[in-house]
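Inspection log for the structure reproduced underneath, given as structure tokens.
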């Protein structure tokens with residue numbers, strides 16, 4: 001086993017992952033993404049080459065924020081000892097890393113590149129970080145609200161050969177396992193995953209806190225390491241070619257109805273949905 | 001594309017594999033929609049199509065799958081190791097199987113979303129998830145920014161892995177002449193994950209993302225108690241109940257009811273928006289609905305711009321009247 005365990009009694013043995021033992025606590029890695037704020041209306045560029053986000057307000061992806069919050073709560077409960085946050089992108093992502101530090105993460109890693117990476121390439125980058133940091137738990141948002149791919153966590157788990165708990169709405173650490181309740185289309189599923197594991201977070205997992213001013217100030221002093229992507233020596237070229245990004249078909253102009261009776265009649269006779 | 005004109009040893013007859021989705025009834029209706037997506041692919045390329053069924057005691061599912069018209073065969077892996085369909089076991093098994101196919105399709109359901117990227121990473125392939133249109137044998141459209149835009153993506157990878165937003169494709173009819181069922185090697189056992197339990201949502205109502213009708217409330221509902229009105233309406237229509245982020249943030253209802261960019265994406269036959277202004281982030285989660293009804297007392301609410309039927313009225317009068325007349 002490659003992971004380093006911070007336990008005074010069971011040095012470097014897997015036994016340390018038993019959580020009834022007070023010194024034995026998790027190291028958590030949280031991967032976060034910088035995205036356009038969900039309240040901003042974004043539109044495709046006139047030439048269809050992408051989205052016009054040049055002046056848009058940016059923020060921490062809401063699902064990633066939930067992942068950071070969960071890590072912080074695990075630390076507050078004494079289950080986690082250290083929280084490392086990582087992001088991949090231009091120097092601008094340091095703003096979101098600082099936001100995560102302000103929420104309670106301990107230190108940050110910025111993998112710097114000006115290229116836009118596809119989920120598979122991001123997963124390959126994160127695998128290297130996992131190999132360096134040896135977290136027992138890696139948390140990610142289930143998807144980013146820009147690309148909406150919903151892939152990176154599953155891919156990272158595959159590349160590390162770790163179990164995965166996607167769309168998590170509840171987490172509980174039990175011995176050398178993490179129990180995850182997952183939100184499925186038709187109900188809830190609970191799985192026990194052997195650590196180390198990858199978890200992706202869904203909306204119901206928690207309600208992220210607002211960072212306090214003192215914590216925002218403190219976050220500025222926390223360590224933030226910058227590693228150029230090229231230093232990792234990975235093949236991260238895109239596999240997909242974006243031909244165009246365009247407006248979806250506009251909904252045709254609707255009609256106003258005068259009352260409930262007319263509405264029901266239209267829904268029955270015209271739309272045929274009742 | 002490489003495989004279309006490759007005459008070397010790597011040549012393979014173009015083919016597609018559909019991973020069969022199962023639900024409490026057995027063979028899920030999702031599969032007939034996946035076959036609808038394959039039918040669209042076949043407008044561009046001639047394909048041998050196989051369905052694969054994985055599970056424990058799932059031979060009945062395979063029998064239903066065999067009745068899907070236009071397929072070559074059903075592959076059946078019926079074993080202990082298929083029980084609960086956990087991705088740690090399924091992904092390496094499916095990755096091995098998938099290499100022989102030009103396309104692999106799964107539904108963009110929680111089952112498909114969970115599994116496909118894990119399979120793809122093991123194959124070193126970048127999948128295309130949540131496709132809503134097929135433009136050619138190698139070009140696919142998918143929504144980005146929760147549907148604010150559609151991206152067209154081309155790929156030349158050796159196997160094209162797709163998850164399909166099932167609401168975007170028409171189901172094909174099931175047939176009567178069964179295709180052969182071939183038994184294949186099941187996944188090998190794994191010990192990384194263990195199934196504990198699975199509970200259906202404690203509700204008689206349909207699930208938001210698969211419901212035929214959705215009734216959603218916004219800040220205009222004023223408080224959580226008033227959502228009872230929407231539940232009564234939903235009961236009349238067999239509908240699921242959703243909410244805008246504003247209603248969730250105001251504490252009226254739980255976060256899991258949120259429809260929108262940061263909540264659930266829905267595309268029902270009928271969407272009824274009640275007391276809801278139609279903020280960008282909400283519209284992004286429901287704009288693919290077939291028929292949209294808006295009830296709001298503010299005639300300038302943006303929701304009316306995307307509604308097929310708009311009713312400017314006080315919801316506390318209109319909704320009880322609707323309940324009574326339905």
query = In segment B:288-317, which residues are within 7 Å of chain A (Cβ to nearest Cβ), assigned to a loop (DSSP other than H, G, I, E, B) and touching a residue at least 24 places away in the same chain (Cβ under 8 Å)?
reply = B:307
query = Taking residue B:23 and the conditions (1) within 19 Å of the chain's Cα centre (by Cα); (2) crowded, with 23+ Cβ neighbours inside 10 Å; (3) within 14 Å of chain A (Cβ to nearest Cβ), which numbered condition does it fall short on, given that it satisfies the others?
reply = (2)
message = Just to be sure I understand, how many residues within segment A:89-108 are in a strand (DSSP E or B) and within 18 Å of residue A:198 (Cα to Cα)?
response = 0
query = Tally time: how many residues in segment A:192-228 are over 18 Å from residue A:66 (Cα atoms) and assigned to a strand (DSSP E or B)?
reply = 8
inquiry  = Could you tell me how many of the residues in segment A:109-125 are part of a helix (DSSP H, G or I) and over 14 Å from residue A:230 (Cα atoms)?
reply    = 3
key: segment B:91-120 - residue that is over 24 Å from residue A:121 (Cβ atoms) and part of a helix (DSSP H, G or I) and, of those, farthest from the other protein chains (Cβ to nearest Cβ)   = B:97
query = Residue check, residue A:159 against (1) crowded, with 23+ Cβ neighbours inside 10 Å; (2) closer than 20 Å to residue B:125 by Cβ; (3) within 7 Å of chain B (Cβ to nearest Cβ), all met but one. Which one?
reply = (1)
ask   = In segment B:32-50, how many residues are without any contact (Cβ under 8 Å) to a residue 40 or more places away in the chain and either surrounded by 18 or more Cβ atoms within 10 Å (Cβ to Cβ) or in contact with a helix residue (DSSP H, G or I) (Cβ under 9 Å, 6 or more places away or on another chain) (or both)?
value = 1
inquiry  = I want to confirm something. Restricting to segment A:162-191 and keeping residues that are facing chain B (nearest Cβ under 8 Å) and not in a strand (DSSP E or B), which single residue is surrounded by the most Cβ atoms within 10 Å (Cβ to Cβ)?
reply    = A:163
ask   = Out of segment B:251-274, which residues are out of contact with any helix residue (DSSP H, G or I) (no Cβ under 6 Å at 6 or more places or on another chain) and buried (at least 24 other Cβ atoms within 10 Å of the Cβ)?
value = B:259, B:263, B:268, B:271, B:272
task = Consider only pairs whose beta carbons are under 6 Å apart and that are at least six residues apart or on different chains; among these, list those whose first residue lies in segment B:248-260 and is away from chain A (no Cβ under 11 Å) and whose second residue is in a strand (DSSP E or B).
result = B:253/B:243; B:259/B:216; B:259/B:242
key: Criterion: within 12 Å of chain A (Cβ to nearest Cβ), buried (at least 18 other Cβ atoms within 10 Å of the Cβ) and over 17 Å from the mean Cα position of the chain (by Cα) - qualifying residue of B:239, B:234   = B:239
request  = Could you please find all residues in segment B:131-149 being touching a helix residue (DSSP H, G or I) at 6+ places or on another chain (Cβ under 8 Å) and either in a strand (DSSP E or B) or at the interface with chain A (Cβ under 7 Å from one of its Cβ atoms) (or both)?
outcome  = B:131, B:133, B:134, B:146, B:148
ask   = If you go through segment B:250-267 one residue at a time, do you hit one that is closer than 20 Å to residue A:257 by Cα and in contact with a strand residue (DSSP E or B) (Cβ under 6 Å, 6 or more places away or on another chain)?
value = no
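Yes/no matrix, rows are residues, columns are (1) modelled with pLDDT under 95; (2) within 9 Å of chain B (Cβ to nearest Cβ); (3) not in a loop (DSSP other than H, G, I, E, B):
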{"residue": "A:41", "(1), (2), (3)": "yes, yes, no"}
{"residue": "A:48", "(1), (2), (3)": "yes, yes, no"}
{"residue": "A:53", "(1), (2), (3)": "yes, no, no"}
{"residue": "A:59", "(1), (2), (3)": "no, no, yes"}
{"residue": "A:63", "(1), (2), (3)": "no, yes, yes"}
{"residue": "A:66", "(1), (2), (3)": "no, no, yes"}
{"residue": "A:70", "(1), (2), (3)": "no, no, yes"}
{"residue": "A:73", "(1), (2), (3)": "no, no, yes"}
query = Do we find a residue being part of a strand (DSSP E or B), surrounded by 24 or more Cβ atoms within 10 Å (Cβ to Cβ) and in contact with a helix residue (DSSP H, G or I) (Cβ under 9 Å, 6 or more places away or on another chain) anywhere in segment B:199-213?
reply = no
task = Report whether or not residue A:91 is under 24 Å from residue B:130 (Cα atoms), over 15 Å from the mean Cα position of the chain (by Cα) and surrounded by fewer than 22 Cβ atoms within 10 Å (Cβ to Cβ).
result = no
inquiry  = Against the definition (without any contact (Cβ under 8 Å) to a residue 12 or more places away in the chain, more than 29 Å from residue A:248 (Cα to Cα) and either more than 7 Å from every other protein chain (Cβ to nearest Cβ) or in a loop (DSSP other than H, G, I, E, B) (or both)), how does residue B:191 come out, yes or no?
reply    = yes
Residue identified as in contact with a strand residue (DSSP E or B) (Cβ under 6 Å, 6 or more places away or on another chain), more than 9 Å from chain A (Cβ to nearest Cβ) and modelled with pLDDT of 95 or more among B:166, B:183 = B:183
ask   = Within segment B:220-229, is there a residue that is modelled with pLDDT under 95 and either over 21 Å from residue B:86 (Cβ atoms) or out of contact with any helix residue (DSSP H, G or I) (no Cβ under 9 Å at 6 or more places or on another chain) (or both)?
value = no
task = Quick one: residue A:139 ticks every box in (1) within 30 Å of residue A:44 (Cα to Cα); (2) more than 7 Å from chain B (Cβ to nearest Cβ); (3) surrounded by 23 or more Cβ atoms within 10 Å (Cβ to Cβ) except a single one, so which number is it?
result = (1)
key: Selection status of residue B:277, over 22 Å from residue B:212 (Cα atoms) and either under 27 Å from the mean Cα position of the chain (by Cα) or crowded, with 24+ Cβ neighbours inside 10 Å (or both)   = yes
message = Among the residues of segment B:215-224, are any within 24 Å of the chain's Cα centre (by Cα), under 28 Å from residue B:149 (Cα atoms) and within 11 Å of chain A (Cβ to nearest Cβ)?
response = no
request  = Scan segment A:245-265 and report the pairs whose first residue is within 7 Å of chain B (Cβ to nearest Cβ) and whose second residue is surrounded by 11 or more Cβ atoms within 10 Å (Cβ to Cβ) and in a loop (DSSP other than H, G, I, E, B), with Cβ atoms within less than 6 Å and a gap of 6+ or a chain change.
outcome  = A:245/A:48; A:245/A:50; A:246/A:48; A:254/B:307; A:254/B:308
ask   = Does residue A:251 satisfy being at pLDDT 95 or above and part of a loop (DSSP other than H, G, I, E, B)?
value = no
task = Please enumerate the residues belonging to segment B:150-163 that are facing chain A (nearest Cβ under 8 Å) and either surrounded by 19 or more Cβ atoms within 10 Å (Cβ to Cβ) or assigned to a loop (DSSP other than H, G, I, E, B) (or both).
result = B:150, B:151, B:153, B:155, B:157
inquiry  = Can you say whether residue A:148 is within 30 Å of residue A:41 (Cβ to Cβ) and over 17 Å from the mean Cα position of the chain (by Cα), as far as the supplied structure shows?
reply    = no
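The values are calculated or read from the model by the stated rules, or taken from the named source; none is laboratory data. In this text, all values refer to a predicted model and were calculated from it rather than measured experimentally. We place every Cβ from the backbone using ideal geometry, glycine too, and count neighbours over all the protein chains shown.
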